[in-house]
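What follows is a set of notes on a single structure, which appears directly below.
The values are calculated or read from the model by the stated rules, or taken from the named source; none is laboratory data. Quick caveat, the model's predicted, so the values are computed rather than measured. Quick reminder, even Gly has a Cβ in these numbers, built from the backbone with ideal geometry, and neighbours come from all protein chains shown. Note: accessible area is taken over every heavy atom of the protein model, side chains too, but ligands, DNA and RNA are not part of it. Shrake-Rupley method; radii C 1.70, N 1.55, O 1.52, S 1.80 Å.
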Amino acid sequence: MTWNLEGKVAIVTGCASGIGLTTTRLYLEAGARVFGIDISPFPEPSPFSKAHSHHFYFHRADLTTPGACEKSVNQCLSKTGKKIDILANVAGIMDSFEAVHKTKDTTWDRVISVNTTVPMKLMRAVLNDGGMLEQKSGQIINVASKAGISGAAAGFAYTASKHALIGMTKQAAWRYHHDGIRVNAVCPGGVATNIKSSIKSENLDQESLDILKPFHDLNHTPDGGQTISPEDIANAILFLSVDASRNVSGIIVPVDNAWSAV
Ligand SMILES: NC(=O)c1ccc[n+]([C@@H]2O[C@H](COP(=O)([O-])OP(=O)(O)OC[C@H]3O[C@@H](n4cnc5c(N)ncnc54)[C@H](O)[C@@H]3O)[C@@H](O)[C@H]2O)c1
């Protein structure tokens, strides 16, 4: 079984930073062409080699705007001239650890929109126009979170958004398992990326953070530091994208150094 993605076309959301950027690099190194989407600009200079840059198409978009997901999939089709083989839903934002009684409509709407509705719309688009159902093959990898399997990791909105993403992963895996389409989720523990910049400090719920602290403290890695890197997460995403995992579908893979085993 191969870890090669030669000839494959992949869409990666959140490709300009952190886990999405590293996933894009690993996909390119495995031979895929990657259509990366992000609301933020792509880093300059590009961290990719010249050869890999030829196989990378960057599309800047806020995926929550109406029609953006469908338009992105169509742009990927016209740029690459090929149906889509892989969708990695990586883009995500945090809430500000608010409990439900402190959750503003604006926080709820934005977090659910980015973390849950965008992945749904992209899944629907790659299955339909993207060609996965027609070609009877495809891999979808959703990046959820430790907060998708536990109530003691984040605020109310983020926790809800990632639990929903896990339900979506399982339902779609089961629904399409006869269609050659695999759907899996990866649940990172704490990884040092730019994700904290999405926390709105004016909404920070310090009381909830204090309550969560003992549970966050369980996230200590053996050396006491944050040894989970974006590459650790991207490696799991890569495994779920290649033929080596061809019978793996509907699973939820924590990459959190046993945090979710507590
Ligand atoms: N870093 C962690 O500790 C951690 C833990 C658990 C889960 N996760 C999940 O991992 C995923 C990747 O996060 P990361 O840690 O690499 O964070 P990051 O902030 O470094 O990267 C997220 C990317 O998503 C992009 N993005 C946000 N909103 C967007 C939108 N509306 N349209 C298009 N792009 C948008 C951002 O611009 C950013 O480049 C997220 O889904 C996050 O919830 C991260």
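Search segment 83-109 for residues being open to solvent by 60 Å² or more (accessible area, probe 1.4 Å) and not polar (S, T, N, Q), and hand back the single one that is nearest to the ligand (Cβ to nearest atom).
Step one: filter segment 83-109 for residues open to solvent by 60 Å² or more (accessible area, probe 1.4 Å), giving 83, 100-102, 104-106, 108-109.
Checking which are not polar (S, T, N, Q) leaves us with 83, 100-102, 104-105, 108-109.
Details: Lys83: 22, Val100: 19, His101: 23, Lys102: 20, Lys104: 18, Asp105: 17, Trp108: 15, Asp109: 12 Å.
Going through the qualifying residues, I end up with Asp109.
Listed here are the residues, each with its yes/no results for (1) closer than 28 Å to Gly138 by Cα; (2) away from the ligand (no atom under 13 Å from the Cβ); (3) out of contact with any Lys or Arg (no Cβ under 6 Å at 6 or more places or on another chain); (4) open to solvent by less than 70 Å² (accessible area, probe 1.4 Å).
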residue	(1), (2), (3), (4)
Trp174	yes, yes, yes, no
His177	yes, yes, yes, no
Gly189	yes, no, no, yes
Asn203	no, yes, yes, yes
Lys213	no, yes, yes, no
Thr227	no, no, yes, yes
Glu231	yes, no, yes, no
| note | Checked segment 19-56 for anything more than 8 Å from the ligand (Cβ to nearest atom), under 30 Å from Asp109 (Cβ atoms), touching a Phe, Trp or Tyr at 6+ places or on another chain (Cβ under 8 Å) and not β-branched (Val, Ile, Thr); matches are Phe35, Gly36, Phe42
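Select the helices (runs of 4 or more DSSP H) contained entirely in segment 151-262, then report the ones holding at least 3 residues which are under 19 Å from Arg124 (Cα atoms).
Numbers: elements: 156-175, 206-217, 230-241.
Here the list reads 156-175.
Among the candidates Ile140, Ile112, which residue alone is touching a Ser or Thr at 6+ places or on another chain (Cβ under 9 Å), within 16 Å of the ligand (Cβ to nearest atom), open to solvent by 20 Å² or more (accessible area, probe 1.4 Å) and not small (Gly, Ala, Ser)? Outline the logic, then answer.
On the way: Ile140 fails: open to solvent by 20 Å² or more (accessible area, probe 1.4 Å).
From the options Ile140, Ile112, the qualifying one is Ile112.
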